[in-house]
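Novice: Quick one: the structure is below, questions incoming.
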Amino acid sequence: MNALRRNVLKGAAGAGTVAIAVAAGLLKPTQALAAWNKAAFEAKSVGDAMKGLGTTGPADSKEITIKAPDIAENGSVVPVEVTSSIAGTTSIAILAEKNATPLVGSYNLSGGTQGYISTRIKMGQTSLVRAVVNAGGKSYTAAKEVKVTIGGCGG
């Protein structure tokens, strides 16, 4: 049997199965959407982004570790890991302070989840990468400078 024909038939069968699940109400497209904090993600400054997140006056903490390269050769893909050793961590947000929109990610963690996030972010230029952690009703922060040689946000 022709491999292309086989792949087309598999794809059609998969699409048909998804269509039947949607029609039967077993799969709802709205369930796959993430929560969207429009005010925080569209903020043009770090202060406004923190306000949008409901964070005011975070304290510096040595219990937050940011692992990112000292020099990122390409700002389009900067690997960032944030680890919080603070008990009861409920959320972690990552901000790149000099981006046009500084908030690059906000993650809510379920009870008992380890305070750890690993992702890749875009950075337009050299700036501080800041992690904001909410735990026990308080906010904490830590920052690390990442130097960017080739900008990723249109630069």
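What follows draws every value from the coordinates through simple rules; no lab data is involved. Keep in mind it's a predicted model, so treat the numbers as computed, not measured. Backbone-built Cβ (ideal geometry, glycine too); neighbour counts: all protein chains shown.
Novice: Which pairs break 23 Å Cα to Cα here: Lys44/Lys122; Lys67/Lys122; Lys98/Lys138; Lys38/Lys67; Lys51/Lys147?
Specialist: As for pairs spanning more than 23 Å Cα to Cα, those are Lys98/Lys138; Lys38/Lys67; Lys51/Lys147.
Novice: With each run of n ≥ 4 DSSP H residues scored as -39500 (n - 2.57), what mean residue ellipticity at 222 nm is computed for the chain after dividing by its residue count and rounding to the nearest 500 deg cm²/dmol?
Specialist: My calculation for the chain gives -6500 deg cm²/dmol from helical runs alone.
Novice: How far apart, in nm, are the 7 Å Cα→Cβ label points at Tyr107 and Asn37?
Specialist: The two pseudo-label positions are separated by 1.5 nm.
Novice: Measure off 7 Å from each Cα along the Cα-to-Cβ vector at Asn74 and Lys51, then give the distance between these two points in nanometres to one decimal.
Specialist: 3.7
Novice: Answer rounded, prolate or oblate for the chain, using the Cα gyration tensor with square roots of eigenvalues a ≥ b ≥ c: rounded when a/c is under 1.5, else prolate when a/b is larger than b/c, else oblate.
Specialist: prolate
Novice: Of the candidates Ile92, Ile71, Ile20, which one comes out as most mobile in a Gaussian network treatment of the chain with C-alpha springs shorter than 10 Å?
Specialist: Comparing Ile92, Ile71, Ile20 in the GNM, the peak value goes to Ile20.
Novice: Okay, next question. Pick from Thr113, Thr101, Thr89: which residue has the top mean-square fluctuation in a GNM of the chain where Cα pairs under 10 Å get a spring?
Specialist: Thr113
Novice: Let me ask something else. Could you give the dipole magnitude of segment 30-155 about its Cα centre, charging the beta-carbon of Lys and Arg +1 and that of Asp and Glu -1, in debye to the nearest 20?
Specialist: Charge dipole, segment 30-155, about its Cα centre: 140 debye, nearest 20.
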